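Single-structure report; data block below.
The values are calculated or read from the model by the stated rules, or taken from the named source; none is laboratory data. Please read these numbers as outputs of a predicted model, since none were measured by experiment. Quick reminder, even Gly has a Cβ in these numbers, built from the backbone with ideal geometry, and neighbours come from all protein chains shown.
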Ligand SMILES: [Zn+2]
Ligand SMILES: [Zn+2]
């Protein structure tokens, strides 16, 4: 397991550290997007700022992407291999209005965007809201 995680980190030019391995593991084993708070809950005695820095490093290297699902808390999920978080790499997410969980729909790319030429793209969120199968 540890070898696998280190490989994933190195693929993204991220130097494996114990903290990074642990945060990766948390994101990997939860099959949903997690907020900073939710990730923090999985640790004892780890500073929120340390987790936040780790997430920032992950995001800067396209290991994870963030999702603004309108709940007020940014959530994070692992990127697919080869993802560079370009508009072409983005996928749709769904938020369950009942349990508040957000999931990636990795096989559903966001609709093609024709952006104005003088506009430089930074991020986009395409979030579908409804009731998940667990909550039905
Ligand atoms: Zn639900
Ligand atoms: Zn996603």
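Below, the figures for the structure above:
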{"quantity": "Among the residues listed as 102, 50, 57, the single one being within 16 Å of ligand 2 (Cβ to nearest atom), at pLDDT 95 or above and closer than 27 Å to residue 21 by Cα", "calculated": "102"}
{"quantity": "Matching residues in region 105-123 - criterion: being within 12 Å of ligand 2 (Cβ to nearest atom) and either modelled with pLDDT of 95 or more or surrounded by fewer than 16 Cβ atoms within 10 Å (Cβ to Cβ) (or both)", "calculated": "105, 106, 107, 108, 109"}
{"quantity": "All positions within region 74-94 that are out of contact with any helix residue (DSSP H, G or I) (no Cβ under 6 Å at 6 or more places or on another chain) and in a loop (DSSP other than H, G, I, E, B)", "calculated": "74, 79, 80, 81, 82, 84, 85, 86, 90"}
{"quantity": "Subset of region 95-136 [within 16 Å of ligand 1 (Cβ to nearest atom), in a strand (DSSP E or B) and over 13 Å from the mean Cα position of the chain (by Cα)]", "calculated": "95, 96, 127, 128, 129, 130"}
